[in-house]
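Asker: Have a look at this one before I ask anything.
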Amino acid sequence: MSSSPAPAGSRLQGRVVLMNPGPVNVSEEVRAALSLPDLCHREPEALALMQRIRRKTVLLCGGDESHAAVMLAGSGTTTLEAALSSIVPRDGRLLVIDNGHYGERLSRIVSVHGISCARLEFGWGRPVDVTAVDRALAEDPSITHVGLVHHETSTGMLNQLREIGAVVARHGRSLAVDAISSLGAEELDLAADHIDWCVGTANKCLEGFPGVSFVVAPRERLAGLADVPARTFSLDLHRHFVAQEHDGAPAFTLPLQVMAAFDTALDLALREGTSRRHARYTALAERIRTGLTERGLALRLPAAHRASSLTGVALPDGLTYEELHDGLKAEGFVVYSTQENGAREFRIANMGQLTEEDITGFLAAFDRVVDKHPGEGR
Ligand SMILES: *Cc1c(COP(=O)(O)O)cnc(C)c1O
């Protein structure tokens, strides 16, 4: 039997350093937990696993007994859609705070479901003007919910969750947060940030595998969804909450192996703690930022707005994104494209189990790739 050889120059046999914003390099403990014995999702062992993970995600968001989590099979967007399409009643209206691709996505999700939506757009990479949020809420009493992306992964901007949460609470509206790329690495607290609906996923800063994502919310809010007619069958958050909380069984099949790995990843995240993980990520990001700045590259955002896990960078002159990506990939490093039309930029994430040596290796590989493509004006 012959197997096709790996592409020339590729290191697919060895470790690839993932510098895309999820899925991430996981720890060996997390990988080992994947090999769960075959299991039925309605047996007690599977249910115990589900309840463990539900409890740990609540703890991770700073929640307590008054909160509950709902686990869904699927990517972060699946659960975002489940949440948004389940929480806004027929006569409700969502205000979307939009300063990038993922903010824009929130309005695209609700528009599919015919949910009334107002969009407060600030532009990509522009900080949210909190007084504008305040004004929008004061001027439009029909707004019942506010949607905010915590870490806007399209630019690397960390939005001012705490200030915005306070404004939303003062106006008595309900806050839904896309914390998909922040949970685990950026400070977030359900009570202090006045979050009603917090959406997260396993495979970004929580350092698990893709396949499961979740919502954490006050139990009371989840129970209150009984009064909101469902817009979908399989993404009906209330159905999932009742099944997981009261029936003691998931409504549909959950990815148990991925969840077993996530259980271990949550143990590691809780043991490390968000502030230490934040410090670990920040130190790696600083190495990347310093290294690229020394090489004359411009970073996307002012330092004060940057999240700890992602850096937007201008492409070197004379190099296309494809040349950079493919050159780095051949060296074992995966970087990410921009999501902004026409922007000469790329993104480098440092989520997951990366080391200082990985960053040193990345910068050396970067130099070799740039040297192979001598551009004009350099
Ligand atoms: C990655 C990401 C998503 C989408 O997550 P998927 O798991 O790819 O569906 C949504 N929002 C933010 C902020 C993200 O970073």
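The numbers here are math on the coordinates, done by the rules we state, and not lab data. These figures come from a predicted structure and were not determined experimentally. When we count neighbours, we look across all protein chains shown, and the Cβ atoms used for this are built from the backbone with ideal geometry, even at glycine.
Asker: When a footprinting reagent is the concern and you count Cβ atoms within 10 Å, what order do ASP358, ASP64 take, fewest first? Show your work: numbers first, answer last.
Answerer: Values: ASP358 21, ASP64 10.
Sorted ascending by nearby Cβ count, the order is ASP64, ASP358.
Asker: Based on Cβ point charges of +1 for Lys and Arg and -1 for Asp and Glu, what charge dipole magnitude is obtained for the stretch 89-177 about its Cα centre, in debye rounded to the nearest 20?
Answerer: Using only the charged Cβ atoms, the result is roughly 200 debye.
Asker: Continuing with this model, one more query. How would ARG135, ARG93 line up from fewest to most surrounding beta-carbon atoms within 10 angstrom?
Answerer: The fewest-first ordering by Cβ neighbours comes to ARG135, ARG93.
Asker: I need the shape label for the chain. Rule: rounded when a/c is under 1.5, else prolate if a/b > b/c, else oblate, with a, b, c from the alpha carbon gyration tensor. Mind showing how you got there, number by number?
Answerer: On the way: a/c = 2.03, a/b = 1.29, b/c = 1.57.
Oblate is the answer for the chain, as a/c is 1.5 or above yet b/c matches or exceeds a/b.
Asker: I would also like to ask the following. Helix-derived [θ] at 222 nm for the chain: sum -39500 (n - 2.57) over DSSP H runs of at least 4, divide by residue count, nearest 500?
Answerer: Result for the chain, helices only: -12000 deg cm²/dmol.
Asker: If you find the alpha carbon centre of the stretch 336-378 and of the stretch 229-244, how far apart are they in angstrom?
Answerer: 42 Å
Asker: Please work out whether the stretch 66-210 counts as rounded, prolate or oblate from its C-alpha gyration tensor, where a ≥ b ≥ c are the square roots of the eigenvalues and a/c under 1.5 means rounded, while otherwise a/b larger than b/c means prolate and anything else oblate?
Answerer: rounded
Asker: With the dipole of the stretch 329-378 worked out from charges on the C-beta (+1 for Lys and Arg, -1 for Asp and Glu) around the Cα centre, which of ASN341, VAL369, MET351 lies farthest toward the positive end?
Answerer: ASN341
Asker: Going by amide H atoms built from the backbone, whose H comes under 5 Å of the H on GLU345, apart from near neighbours?
Answerer: Long-range HN contacts for GLU345: LEU315, THR338.
Asker: Separate question: Return the long-range amide H neighbours of VAL212 (sequence gap of 5 or more, or a different chain), with a cut-off of under 5 Å between placed amide H atoms.
Answerer: GLY74, ALA202
Asker: Roughly speaking, what is the centre-to-centre gap between the stretch 255-309 and the stretch 67-143 when only Cα atoms are used, to the nearest Å?
Answerer: Their Cα centres are 25 Å away from one another.
Asker: I need to check one value: relative contact order of the chain, counting alpha carbon pairs closer than 8 Å and at least 6 residues apart, in percent.
Answerer: Worked out over the chain, it gives 25 percent.
Asker: Ranked by Cβ crowding within 10 angstrom, fewest neighbours first, how are TRP124, TRP197 ordered?
Answerer: TRP124, TRP197
Asker: Also, I was wondering about something else. Between ARG276 and ASP247, what is the FRET efficiency for a Förster distance of 25 Å, r being their Cβ-Cβ separation, to the nearest 0.05? Intermediate results must be reported in sequence, preceding the final value.
Answerer: Details: r = 37 Å, r/R0 = 1.49.
Computed FRET efficiency for ARG276 and ASP247: 0.10.
Asker: Which residues in the stretch 71-101 have a backbone N closer than 19 Å to a point placed 7 Å from the Cα of ARG126 along the Cα-to-Cβ line?
Answerer: 95-101
Asker: Please compute the modelled spin-label separation between ASP326 and GLU357, points set 7 Å along Cα→Cβ, answer in nm with one decimal.
Answerer: Going from the GLU357 label point to the ASP326 one covers 3.0 nm.
Asker: From the Cα gyration tensor of the stretch 186-239, with a ≥ b ≥ c the square roots of its eigenvalues, which class applies: rounded if a/c is under 1.5, or else prolate if a/b is larger than b/c, or else oblate?
Answerer: Numbers: a/c = 3.57, a/b = 1.29, b/c = 2.77.
Verdict is oblate for the stretch 186-239.
Asker: For the stretch 30-271, what is the charge dipole size about the Cα centre, in debye to the nearest 20, if Lys and Arg each add +1 at the Cβ and Asp and Glu each add -1 at the Cβ? Numbers along the way, then the final one.
Answerer: Numbers: 22 positive and 30 negative charges, 55 e Å.
Here the size comes out at about 260 debye.
Asker: While we're on this one: When ranked by the protection proxy of mean other Cβ atoms within 10 Å per residue, highest first, what sequence do the peptides 202-208, 85-91, 293-299 form?
Answerer: Peptide ranking by packing, descending: 202-208, 85-91, 293-299.
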